[in-house]
Amino acid sequence: MPTTTDTSTQASAPEPDLPTATDDAPGAEAGVDPGPGTTAGPGPRAPHRVAAAAVMVGGGTAAALGTLAGLWFVPFLVGAVAGCTSRFPRKGPRLSRGYLTAPLAAVLGWALPLAVQALGGAPVAEVARTTAALAGLPPLAGAVVATALLIALVQAVLGVWVGRTLAAPGRSAGDRPATTRPTV
């Protein structure tokens, strides 16, 4: 008959140190807590990546179609939609994902149609040189194209700002603390 031994009283060998998800992070020190608000592992960040990709694809497509239709204000609308739908920081000022993805989508939405037109034989560089000459600037096509893309970037950043402002949770009169006036 086999004898049974109680394994709870036996000393077990120490387990080797296994790497954790925070140990693999660049600049992470061993045994240091990454702090509140940080996530370890790819799980919780995956929806943010999907949302960022959706903003990039949807916003870039909308900006490109708006560019082809002559609607120069579409990057602002892309930024406003991204600002309205982005998450608000809970503690401290953090940079929103809308401030990163919407401007990039707007710039790509303006740059891709220009590149396609230039590769298709349209006189994009000549028009840019003429525009620069009419503005009294040196006839540098790259500077005019870069300025146009900068305009799309600024429109999108301002759109994100306006969108976040409009979608911010408001405070009602009942939420404000009562003020007391000193009586004399």
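Surrounded by fewer than 18 Cβ atoms within 10 Å (Cβ to Cβ), touching a Lys or Arg at 6+ places or on another chain (Cβ under 9 Å) and modelled with pLDDT of 75 or more - does that describe any residue in the range 107-122? No, that holds for no residue.
Checked against (1) in a helix (DSSP H, G or I); (2) open to solvent by 40 Å² or more (accessible area, probe 1.4 Å); (3) free of Cβ contacts under 8 Å to residues at least 60 places away in the same chain, L137 meets all criteria but (1).
The values are calculated or read from the model by the stated rules, or taken from the named source; none is laboratory data. The structure presented is a predicted model; accordingly, all values stated were derived computationally and were not measured. So basically every Cβ, Gly included, is an ideal-geometry build from the backbone, and we count neighbours across all protein chains shown. Each accessible area value is taken on the protein alone, full model and side chains, heavy atoms only, with ligands, DNA and RNA left out. Shrake-Rupley method; radii C 1.70, N 1.55, O 1.52, S 1.80 Å.
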